[in-house]
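Trainee: Sharing a structure here in structure tokens format.
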Amino acid sequence: MKSIKFFVASLAVALFVSSSVSADTDKKATSLKVNTAKSELTWLGKKVTGEHTGKISLKEGTIILDGAKLTGGKFVADLNSITCTDLTDKEYNGKLIGHLKSDDFFGVEKHPTATFVVTKATPKATGVYDVTGDLTIKGITKPVTFPVTVKTTASGAEATGKLVVDRSKYDIKYNSKSFFDNLGDKMIHDDFSIDVKLVAAK
């Protein structure tokens, strides 16, 4: 009888410890909502004869932390919000944005958003990570990796980094040397970059 009571008591203690550990683990995982008004995506595209830059707004996003460590996240960009900041001529600016929204580039009528989902965050130094995730543009998903720096505060976190995207992997063919020969000075580089600044709060 004593052995049965001892077994039951031991089982109860084990279950309590297990649930406590699980609760502690759950408490460590914190999902922070991205403040889309304070966050910023700045794009840069280059061609043989020059370059253009502009902004893209975030539609929504979350940063997941385990304590102060980055462990995950998901971010949705609103491609209808794309702007060009270097062209002062209103007509030329409008033509460029219209072209970027067309099927030659992002095809925003059918694909109004681009999504990045973190699949792995490898620590490189304090607050510095190599972040790997699935980037979806025009319905095509490919893995990408880029360096990210995360600063945490009592109220939330800020993440910054530079993402380089090879547009040819997302069926963006316009004046790409990956699809066309002898483009001369009409060639537009396949790689474009996005400077990422994400501000999130608990």
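Trainee: Please report the net charge: other residues with Cβ closer than 13 Å to the Cβ of ASP195, K and R +1, D and E -1. Before the final figure, lay out each step's value.
Mentor: Numbers: positive: LYS55, LYS162, LYS197; negative: GLU40.
So the surrounding residues net to +2.
Trainee: Roughly how large, in nm² to one decimal, is the mean projection of the convex hull of the alpha-carbon atoms in the chain? Could the numbers behind the result be given before it?
Mentor: Working: hull surface 64.0 nm².
Value for the chain: 16.0 nm².
Trainee: Considering only Cα-Cα distances, which of the following residue pairs are longer than 19 Å: LYS74/LYS138; LYS95/LYS186; LYS38/LYS110; LYS55/LYS162; LYS120/LYS162; LYS110/LYS186? Provide the component values of the computation, followed by the final result.
Mentor: Details: LYS74/LYS138 17 Å; LYS95/LYS186 17 Å; LYS38/LYS110 27 Å; LYS55/LYS162 14 Å; LYS120/LYS162 16 Å; LYS110/LYS186 27 Å.
Table pairs above 19 Å Cα-Cα are LYS38/LYS110; LYS110/LYS186.
Trainee: For the chain, take the longest principal axis of its alpha carbons; what is the angle in degrees between that and the long axis of helix 90-101, to the nearest 10 within 0 to 90?
Mentor: Compared with the principal axis, the helix lies near 50 degrees.
Trainee: Continuing with the same structure: Once you list every other residue whose beta carbon is under 14 Å from the beta carbon of GLY61, what net charge do they have if Lys and Arg are +1 and Asp and Glu are -1? Each step should come with its number before you reach the end.
Mentor: Values: positive: LYS33, LYS38, LYS59, LYS74, LYS197; negative: GLU40, GLU60, ASP78, GLU158.
Net of charged neighbours comes to +1.
Trainee: Based on the Cβ-Cβ distance of SER176 and THR62, what FRET efficiency does E = 1/(1 + (r/R0)^6) give at R0 = 35 Å, to the nearest 0.05? Could you put the intermediate results ahead of the total?
Mentor: Details: r = 33 Å, r/R0 = 0.94.
So, using R0 = 35 Å, E works out to roughly 0.60.
Trainee: Using helices alone, what [θ] at 222 nm do you get for the chain, with -39,500 (n - 2.57) per DSSP H run of 4 or more residues, divided over all residues and rounded to the nearest 500?
Mentor: -6500 deg cm²/dmol
Trainee: State the percentage of accessible surface on the chain attributable to carbon and sulfur atoms; use a 1.4 Å probe and exclude ligands, DNA and RNA.
Mentor: On the way: 6850 of 12190 Å².
Exposed carbon and sulfur together represent 56 percent of the surface.
Trainee: Provide the net charge surrounding THR160, with neighbours chosen by a C-beta distance below 12 Å and charges set as Lys +1, Arg +1, Asp -1, Glu -1.
Mentor: Working: positive: LYS151, LYS162, LYS197; negative: GLU40, GLU158, ASP195.
Counting the neighbours of THR160, the net charge comes to 0.
Trainee: Could you state the angle between the C-alpha long axis of helix 2-28 and the longest principal axis of the C-alpha atoms of the chain, as a value from 0 to 90 degrees rounded to the nearest 10?
Mentor: For helix 2-28, the angle is close to 20 degrees.
Trainee: Please identify the trypsin sites (Lys or Arg not before Pro) of the range 103-149 that satisfy two criteria: DSSP loop assignment and at most 12 other Cβ atoms within 10 Å. Which are they? Could the numbers behind the result be given before it?
Mentor: Values: sites: LYS110, LYS120, LYS124, LYS138; in loops: LYS110, LYS138.
Taking the range 103-149 and a limit of 12 other Cβ atoms within 10 Å, the loop trypsin sites (Lys or Arg not before Pro) found are LYS110.
Trainee: Also, quick follow-up: Rg and Dmax of the range 93-202 over Cα atoms: what are they, in angstrom?
Mentor: Calculated on Cα positions, Rg and Dmax stand at 16.6, 55 Å.
The values are calculated or read from the model by the stated rules, or taken from the named source; none is laboratory data. Quantities reported herein were computed from a predicted structural model and do not represent experimental measurements. Neighbour counts run over all protein chains shown; Cβ positions are idealised from the backbone, glycine included. All accessible areas refer to the heavy atoms of the entire protein, side chains included, with ligands and DNA or RNA removed. Shrake-Rupley method; radii C 1.70, N 1.55, O 1.52, S 1.80 Å.
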